[in-house]
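Below: the structure, in structure tokens.
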Amino acid sequence: MKYSKTKKQVLLAMFIAIEILLSMIPFLGFIPIGPLRLTTLHIPVITAGIVLGKKEGSLIGLTFGLMSLFINTIQPTITSFVFSPFISGTILSLFISIVPRVLIGYISGLLFEHLCKYNLIISIIISSLAGALTNTILVLGGILIIFGDLYAKILHKTTAELFPYFISIIFSNGLLEAVVGTIIVFMVSKVLFKVYQKEESPYV
């Protein structure tokens, strides 16, 4: 999608504002489920990656990561240490908090960039699902590799039990986030394409 510089700046500002707003409203951006927090913050990131491109999606993903760091620092749960170096005492928490979120936007945008020439609807769906699962898999994978022993202890599990526990999360909460996110991203992206597209745009 080709936009004028002003339109792109307006859309970027809108996505950043939405990301911050979702983060600050209780039970909207971060939804506590047991020791974990489900999130809706991946939805604007994926949408930005699809509508604006992988670089802009990465920027909104960085906003997601920074807000995750902020919320987990000022409103910690028993597992917030994995997202905040101020709680864990290690800079490795920044990897879990930020890198997967940046990659949400990048991967969503990259996939859409290559697939949209074939079919708009399918490309949005595939890019959305991939973006959502990127977040879930990389966050849980990072926790397992970096904080596995401590995280298992907090959950009263053995380290060996943690991997199958995370797999169950991916196939339950992770897939739910992905499906719901894909539906919303699809509807919002289609509207934005219609509102902001230029005549030379290949998208419908």
Is it the case that some residue within segment 100-109 is in a helix (DSSP H, G or I), surrounded by 15 or more Cβ atoms within 10 Å (Cβ to Cβ), without any contact (Cβ under 8 Å) to a residue 40 or more places away in the chain and not acidic (Asp, Glu)? no
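Restricting to segment 113-139, name every residue that is within 18 Å of VAL188 (Cα to Cα), in a loop (DSSP other than H, G, I, E, B) and in contact (Cβ under 8 Å) with a residue 24 or more places away in the chain. Working first, answer last.
From segment 113-139, those within 18 Å of VAL188 (Cα to Cα) are 113, 116, 119-132; that's our starting set.
Going one step further and asking which of them are in a loop (DSSP other than H, G, I, E, B), we end up with 116, 119.
Once the filter is applied, which keeps residues that are within 18 Å of VAL188 (Cα to Cα), in a loop (DSSP other than H, G, I, E, B) and in contact (Cβ under 8 Å) with a residue 24 or more places away in the chain, segment 113-139 yields only CYS116.
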When you go through GLY57, GLY65, GLY61 one by one, which is the residue that is over 16 Å from LEU138 (Cα atoms), at pLDDT 95 or above, assigned to a helix (DSSP H, G or I) and not acidic (Asp, Glu)? GLY57
Those residues of segment 75-97 which are in a helix (DSSP H, G or I), of a type in the set (Val, Ile, Thr) and open to solvent by less than 30 Å² (accessible area, probe 1.4 Å) amount to VAL82, ILE96
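With the structure loaded, tell me whether SER123 is buried (at least 22 other Cβ atoms within 10 Å of the Cβ) and within 29 Å of THR47 (Cβ to Cβ) or whether it fails that test. Spell out how you get there, then give the answer.
Working: buried (at least 22 other Cβ atoms within 10 Å of the Cβ): no; within 29 Å of THR47 (Cβ to Cβ): yes.
Against the criterion (buried (at least 22 other Cβ atoms within 10 Å of the Cβ) and within 29 Å of THR47 (Cβ to Cβ)), SER123 does not qualify.
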With the checklist (1) modelled with pLDDT under 95; (2) among the β-branched types (Val, Ile, Thr); (3) surrounded by fewer than 20 Cβ atoms within 10 Å (Cβ to Cβ) in hand, flag the one item VAL51 doesn't pass. (3)
Output yes when any residue across segment 158-166 is of a type in the set (Gly, Ala, Ser), at pLDDT below 95 and open to solvent by less than 50 Å² (accessible area, probe 1.4 Å), and no when none is. no
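The values are calculated or read from the model by the stated rules, or taken from the named source; none is laboratory data. As the structure is a prediction and not an experimental result, all values here were calculated from the model. Cβ sites come from the backbone with ideal geometry, for glycine too, and all protein chains shown count toward neighbours. The accessibility values were calculated without ligands, DNA or RNA, using every heavy atom of the protein model including side chains. Shrake-Rupley method; radii C 1.70, N 1.55, O 1.52, S 1.80 Å.
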